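**Student:** Questions regarding the structure given below will be posed in turn.
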Amino acid sequence: MSGIVEVDGLAKRYDGGFEALKGVDLSIREGEILALLGPNGAGKTTLISTICGITVPTDGAVRVGGHDVVRDFRAARRMIGLVPQEINLEPFEKVRDTVAFSRGLFGAPRDDAKVAAVLEALSLTDKAGSQIKELSGGMKRRVLIAKALSHDPKVLFLDEPTAGVDVELRRGMWEVVAELKRRGVTIILTTHYIEEAEAIADRIAVISKGRILLVEEKDALMARMGRKEMVLELS
Ligand code: ATP
């Protein structure tokens, strides 16, 4: 059975010649949480942005929900929610409007009930009327996720959602991700942290120097290698 995301021989050579992806194959199952683990510069962001159709591959293909992301970008993109690494929110905009506007960008009709449901899912209901600048860092990250979910995507990509945040916030983010999985969203997240992959993933993919080194069920992988060996593998 094919996955909700199918990546086939994906390669990316940036202008200047650097090969960030060197033939990546990956099949992502509907409803799973896949952690994409790798050191700095491994190609995690490049892989995510190529899967989402934002970066154009040099070779290979990606299908999301059966749609080719290059040839059928609009249909594929509608299935995808993307949470970028950096917080790119308008400080004076209200939380509710931020999510509603994002929904409009995907051509989804105005639907106040839908926006309210997304805010509820992220425990942001009581912040709906707040301006972004009034929120804590953790709340801003939740707004980014609400934005990415505004048009009801099937697959959510989170690019290092806990980079540079403290342990408490990190755990809060893990709870958010677990809740979204319960609601049926397929989740792919990139991380440097083995303990993060261990805490929330169903499967772990390890990427290094533009190649996928392994993709395995988390439990089987941790039993086989243990955390120490994983650290060595990543260094
Ligand atoms: P990090 O964990 O540090 O965010 P990453 O695993 O997400 O790293 P990428 O950001 O995908 O890695 O970068 C992979 C490689 O491609 C790096 O060596 C980076 O310098 C290079 N790279 C990324 N974007 C570009 C670009 N626009 N032009 C040229 N090289 C790039």
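**Student:** Given the conditions (1) surrounded by fewer than 21 Cβ atoms within 10 Å (Cβ to Cβ); (2) away from the ligand (no atom under 16 Å from the Cβ); (3) without any contact (Cβ under 8 Å) to a residue 60 or more places away in the chain, report the number of the one that Val165 does not fulfil.
**Tutor:** Here Val165 clears every test but (2).
**Student:** Let me ask another. Looking at Ala148, Ala117, Ala128, Ala113 in this structure, which one is in contact with a strand residue (DSSP E or B) (Cβ under 9 Å, 6 or more places away or on another chain) and without any contact (Cβ under 8 Å) to a residue 60 or more places away in the chain?
**Tutor:** Going through Ala148, Ala117, Ala128, Ala113 in turn, the sole match is Ala128.
**Student:** Here's a follow-up. Out of the residues in region 70-85 that are under 27 Å from Thr162 (Cα atoms) and away from the ligand (no atom under 16 Å from the Cβ), state the one that is surrounded by the most Cβ atoms within 10 Å (Cβ to Cβ).
**Tutor:** Among those that are under 27 Å from Thr162 (Cα atoms) and away from the ligand (no atom under 16 Å from the Cβ), it is Gly81.
**Student:** Which condition breaks for Gly184 when tested against (1) outside any loop (DSSP other than H, G, I, E, B); (2) surrounded by fewer than 18 Cβ atoms within 10 Å (Cβ to Cβ); (3) among the small types (Gly, Ala, Ser)?
**Tutor:** So Gly184 meets the others, but not (1).
**Student:** Since Ile33 meets every condition but one in (1) among the aliphatic types (A, V, I, L, M); (2) over 22 Å from Thr191 (Cα atoms); (3) modelled with pLDDT of 95 or more, which condition does it not meet?
**Tutor:** Condition not satisfied by Ile33: (2).
**Student:** Within region 13-53, can you find the residues that are within 10 Å of the ligand (Cβ to nearest atom), buried (at least 17 other Cβ atoms within 10 Å of the Cβ) and not in a strand (DSSP E or B)?
**Tutor:** Answer for region 13-53, where residues must be within 10 Å of the ligand (Cβ to nearest atom), buried (at least 17 other Cβ atoms within 10 Å of the Cβ) and not in a strand (DSSP E or B): Gly38, Ala42, Gly43, Lys44, Thr45, Thr46, Leu47, Ile48, Ser49, Thr50.
**Student:** Also: Quick one: Thr190 ticks every box in (1) in contact with a Leu (Cβ under 6 Å, 6 or more places away or on another chain); (2) assigned to a helix (DSSP H, G or I) bar one, so which box is it?
**Tutor:** (2)
**Student:** Name the pairs: first residue in region 30-57 and on the phi < 0 side of the Ramachandran plot, second residue part of a helix (DSSP H, G or I) and of a type in the set (Gly, Ala, Ser), Cβ to Cβ under 7 Å, at least 6 apart or on different chains?
**Tutor:** Ala35/Ala197; Leu37/Ala197; Thr55/Ser49
**Student:** Right, next: Would you please name the residue that is farthest from the ligand (Cβ to nearest atom), looking only at residues in region 1-12 that are closer than 27 Å to Trp174 by Cα, at pLDDT 95 or above and surrounded by fewer than 24 Cβ atoms within 10 Å (Cβ to Cβ)?
**Tutor:** Ile4
**Student:** Can you pull out the residues in region 94-110 that are surrounded by 15 or more Cβ atoms within 10 Å (Cβ to Cβ) and in contact (Cβ under 8 Å) with a residue 12 or more places away in the chain?
**Tutor:** Lys94, Val95, Arg96, Thr98, Val99, Ala100, Ser102, Arg103, Phe106, Ala108
The values are calculated or read from the model by the stated rules, or taken from the named source; none is laboratory data. Not measured: the values here are computed from a predicted model. Because the Cβ atoms are built from the backbone with ideal geometry, glycine has one as well, and the counts that use them run over all protein chains shown.
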